[in-house]
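Here is the structure we will look at, set down as C-alpha cells.
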Amino acid sequence: MPAPETSVMSRLVSLCKRRGFVFPASEIYGGLNGFWDFGPLGVQLKNNLRDAWWRAMVECPPIGPDGKPVSIVGLDSSIIQHPQTWVASGHVGGFADLMVDCRETKMRYRADHVLCVNVQYEKAGQTKELGGWISTLEGDEAEVAITKKAKKLIQKSGCGEMVPFDMSKAVNLTTMTEAQRAHVIGPDAENPGTLTEPRAFNLMFQSYVGVFQSDDSKVYLRPETAQGIFLNYKNVLDSSRVKPPFGVAQVGKSFRNEVTPRNFIFRTREFEQMEMEFFCAPEDGMMWYEFWVAERLRWWEEQGMSKDNLFRHIIAPEDLSHYSKGTSDIEYRYPFTAPGFGELEGVAYRTDYDLTQHQTFSKTNLEYIDQEANRRYIPHVVEPAAGLTRGLLALLCESYRYDESRASPEWLKLKPSLAPIKVGVFPLVNKDGMPEVAEKLYADLRRTYISQYDAKQSIGKRYARMDEAGTPFCVTVDGDTLKDQTVTIRDRDTAQQERVALDKVKAYIGEKLAV
Ligand code: ATP
C-alpha cells in the first residue's frame, strides 16, 4: 500500500495531536522542549498499559522458576526524598551524561548522540576533503541532514560533486581524538571547531524545600522511581507478610534534565517509569535475573508487540556497571531506530549494591534475618525497569497502520484490552427510532466498557474516527434492529460486520476483550 511521503514518525505525531493522544506541553506559549501532555485518548491508553503492568506484577504475578507463585507488593513513594538518597545511590556524583556546547549556535548536545562523517567531493577528477567533519544527531534523518549540509558546503567552497558516503561508517563524537574533534562542524553550525570538549552534566533537576534557599535545603526531583523502593524496603518487610524472594513495584513520574530530548516521547525530561525491585537470596540472583528477562519479553509480546520488533541486548561484561552481574536491555525497533533497536526496558541484576549503600549512608541495618535458616544477609536485587511513556510510544508505533483502501487510511491496531475506547455505538441514521435504541444500548454498555456514542456525519466517517482511536468494536443500530432486535458489530481489524442479537452484545464484547 503506497504510504505518503512523510515519515511514519511525523504521521504518528500528527495523528496523536489530531486525535488527542499526545500534545506538546505549554503549546500556547510556544511549547517547552522535552515535555509533552497526554490528551483524553493518550491518558486512557497510558493508564491501560500501566494497569496491565500492575496486574502482571502486583495483582497476579507469574509462577516463579521455583514453581511457586511470585510475591510482589505495591508502593507509591515521594518524588522528593532526602537528598542523601541520591548521594548514596551515586546519582549526585555520577548521574551525568557527557555533553558538548556549540560556541557558534549556543546549542547543547549529548556527545554520544553526535555522529560525524568525513565527507569527500570530486572536482576535476580529483577527490578532495571538505576540511571538516560534518556532524548531526543520530536518528532516521541523519543521512539526509549530512547530505544536505555537505552539498551546501561543497557549493560554498567551489563546485564539485559529493562522493557518496556510508552512514554506517559515521563516527561517534565520543570516540574521536581531541585533534579530530577540532575539525567537527557542529550539528547546527557552519564552521568547524566550534564544539567544546565533552564534559559531564548532571541530569537531576534541583529545587529547595522550605523558605530559605541554601545548600542545606537543596533537594532533587527523582531521576528514577527505584530508590524510593530501597528506602522503604525495611518498612515493607516489617509491615507485610513478605520475605525473600519478593518484589516491590511502583509506577510514577521521574525527571531527568536530558541534554537532547527528542524522538517525540522517547526521551523526555519528565516521564513515567514502571519499576520493580526483586529481593532474593544472593545465591539465587542469576536465576531470578534470567527469569525476569524472559518474563518481561513475554509480557511486552502479550501487549501486542511482535517478536521481530523486540530484541534482548545483553550488555557486554566490560560495559556493565561495577555492581552489576548482568544487565539486559529489552529493545524495540522504533521507526527512528529501524533497522536497529532502542531501549524500552532495562533488566539489571544489581547485587546487594543499593541496599548496602543505603545501609552505609543511613546507618540503618538493612539485613534480612532468615530465622528458619539461621542466617542474615543483605538481599540481592533484580530490577526490571520499564518506561511507561516510552512503552506507550512503542505501542503506538507497533499499532500504527496505513491502508489507503480503508475509509480512514490511518488506524491503530491496538490490543483490544488496551484500546482507550472499547466500543463505538451508532444509530445508522438519526431518525426512525434508531437513536433511542442506540442510546439505550450505549447507556448499558458504558457501565462496563468505555464506550462512545456518535451520531454525527456518515457511518463511514464514524467508523474512520473510531479506527484512528484504535477502537476495536463499533455497534450500529439500523433498520433491521427495530424488526428483529439485532445489531451489526464491526471488527476494526477486518472491517467486517457481524449481526448479533441486541441482548448478546455485552457478552460478545466481553469474550473478545478477554483474549
Ligand atoms: P537511556 O539509555 O535511553 O537514556 P537509561 O538506560 O538511562 O535510558 P534507565 O535508567 O534504565 O534508562 O531507565 C529505565 C527506563 O526508563 C528506560 O528503559 C526507559 O524506558 C525509561 N526512560 C529513561 N529515561 C527516559 C527519558 N528521558 N524519557 C522517557 N523514558 C525514559
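Values in this text are rule-based calculations from the coordinates and carry no lab data. Just so it is clear, the structure is predicted and the values come from calculations on it, not from any experiment. When we count neighbours, we look across all protein chains shown, and the Cβ atoms used for this are built from the backbone with ideal geometry, even at glycine.
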Report, largest value first, the span of the C-alpha coordinates of region 96-201 along each principal axis, in whole Å. 48, 25, 22
State the volume of the convex hull built on the alpha-carbon positions of region 410-513, expressed per residue in Å³ and rounded to an integer. 84 Å³
Chain lengthening between ARG103 and LYS148 when straightened (0.36 nm per residue, less Cα-Cα): 14.0 nm
Segment SER217-LYS156, length gained on full extension (0.36 nm per residue, minus Cα span): 16.5 nm
Relative to the present Cα-Cα distance, how much length would full extension add between TYR508 and LYS431 at 0.36 nm per residue of separation? 25.1 nm
Determine the sum of side-chain charges near ARG492: Lys and Arg each +1, Asp and Glu each -1, restricted to other residues whose C-beta is under 11 angstrom from that of ARG492. +2
To the nearest 500 deg cm²/dmol, what mean residue ellipticity at 222 nm is calculated for the chain from DSSP H runs of n ≥ 4 alone, each contributing -39,500 (n - 2.57), summed and divided by the residues? -8500 deg cm²/dmol
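To the nearest 20 Debye, how big is the dipole of region 410-513 about its Cα centre, given +1 on the beta carbon of each Lys and Arg and -1 on that of each Asp and Glu?
260 debye
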Select from GLN497, SER417, MET466 the residue farthest towards the positive end of the dipole of region 410-513; place +1 on Cβ of Lys and Arg, -1 on Cβ of Asp and Glu, and compute about the Cα centre. SER417
List the equivalent ellipsoid semi-axes of region 1-68 in whole Å, largest first, each obtained as the square root of 5λ for an eigenvalue λ of the Cα gyration tensor. 34, 18, 11
Any idea which of GLY34, GLY94, GLY391 is furthest toward the positive side of the dipole for the chain, if Lys and Arg beta-carbons carry +1 and Asp and Glu beta-carbons -1? GLY34
Could you check the simple spin-label distance between ASP76 and GLN497, using points 7 Å along Cα→Cβ, in nm with one decimal? 4.4 nm
Just report the Cα centroid separation between region 44-73 and region 146-163, whole Å. 55 Å
Please label the shape of region 472-515 as rounded, prolate or oblate, based on the square roots a ≥ b ≥ c of the eigenvalues of the alpha-carbon gyration tensor (a/c under 1.5 means rounded; beyond that, a/b larger than b/c means prolate, else oblate). oblate
Translational diffusion coefficient (Stokes-Einstein; Kirkwood radius from C-alpha pairs) of the chain at 37 °C, 0.692 mPa s, in µm²/s: 125 µm²/s
Enter the Cα centre distance for the pair region 417-451 and region 308-339, rounded to the nearest angstrom. 44 Å
The size of the Cβ-based charge dipole (Lys, Arg +1; Asp, Glu -1) of region 346-416 about the Cα centre, to the nearest 20 debye, is 80 debye
Going Cα to Cα from LYS123, which lysines come in below 16 Å? Please leave out same-chain ones fewer than 8 positions away. LYS151, LYS152, LYS156
Set of lysines with alpha-carbon distance to LYS440 below 20 Å, sequence-local pairs under 8 removed: LYS422, LYS431, LYS456, LYS483, LYS504, LYS506
Please list, short to long, the whole-number percent of alpha-carbon pairs of region 237-328 in consecutive 5 angstrom bins beginning at zero. 3, 9, 14, 17, 22, 20, 10, 4, 1
Counting other C-beta atoms within 10 Å, which of ASP238, ASP284 has the fewest, and how do the rest follow? ASP238, ASP284
Which value, in debye to the nearest 20, gives the size of the charge dipole of the chain about its Cα centre, when Lys and Arg are +1 and Asp and Glu are -1 at the Cβ? 1120 debye
Can you give the Rg/Rh ratio of region 330-441, where Rg is from the C-alpha atoms and Rh is the Kirkwood radius? 1.30
